[in-house]
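*Asks:* Have a look at this one.
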Amino acid sequence: MQRVTGIGGIFFKSRNPEKLYQWYEEHLGLKRNAGEAVIFPWRHHDDPSKTGMTVWSLFPRNTTYFSPSQSSFMVNYRVEDLDALLELLRQEGVEIDEHREDSEYGRFAWIMDPEGNRIELWEPPKKADVG
């Protein structure tokens, strides 16, 4: 089983997300999709008919979304089989948050690395045009 298939998103905290979004748009051309996040679309290497995306997003400095991590960033990794990977990680002694989220965007779970950084795992929906 392949564990991680790519990076689904990069998230970090900001003192002033709106101002920082504006800076990134002005100087690096990163434009938000519907005002929420920057979306980088791409095509699968093995099957160009399948599309995917990587999300780049800012969060307020006081967000609890990264908790219990004290880091100012979080990486979202794409996975093919969230349940199988979580079972394998559990057997390996990895700290796993028991909270799960299922949405139209896919399935999400969180783990912690040995230095206390929260990691988001994302199994995109099976539709070819999302994720």
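Rule-based calculations on the coordinates, nothing more; no lab input. A quick note: this is a predicted structure, and the numbers were derived from the prediction, not measured. Virtual Cβ from ideal backbone geometry, glycine too; neighbours counted across all protein chains shown.
*Asks:* How much length, in nm to one decimal, is gained on full extension between Lys50 and Glu87, taken as 0.36 nm per residue of separation minus their Cα-Cα distance?
*Replies:* Fully extending the segment from Lys50 to Glu87 adds 10.5 nm.
*Asks:* Could you compute the net charge surrounding Trp23? Neighbours are other residues with a C-beta less than 14 Å from the C-beta of Trp23; K and R count +1, D and E count -1.
*Replies:* Residues close to Trp23 contribute a combined charge of +1.
*Asks:* Quick check on the chain: helices-only [θ] at 222 nm, where DSSP H runs of length 4 and up contribute -39,500 (n - 2.57) each and the sum goes over total residues. Nearest 500, please.
*Replies:* Helix-only estimate at 222 nm: -5000 deg cm²/dmol.
*Asks:* Further question on the same structure: Let me know the charge dipole size of the chain about its Cα centre in debye, to the nearest 20, where only the beta-carbon of Lys, Arg (+1) and Asp, Glu (-1) is charged.
*Replies:* Numbers: 16 positive and 22 negative charges, 111 e Å.
Using Cβ point charges on Lys, Arg, Asp and Glu, the chain gives about 540 debye.
*Asks:* Please state, as a whole number in µm²/s, the translational diffusion coefficient that the Stokes-Einstein equation yields for the chain at 25 °C and 0.890 mPa s, with Rh defined as the Kirkwood radius across alpha carbon pairs.
*Replies:* Details: Rh = 15.8 Å.
It comes out at roughly 155 µm²/s.
*Asks:* Run the simple label-point estimate for Ile7 and Leu20 please: 7 Å along Cα→C-beta, distance reported in nm.
*Replies:* Simple spin-label model gives 1.5 nm for this pair.
*Asks:* Below 8 Å, C-alpha to C-alpha, sequence gap of six or more: please give me the relative contact order for the stretch 6-123 in percent.
*Replies:* Numbers: 203 pairs, mean separation 32.1, N = 118.
Here the relative contact order equals 27 percent.
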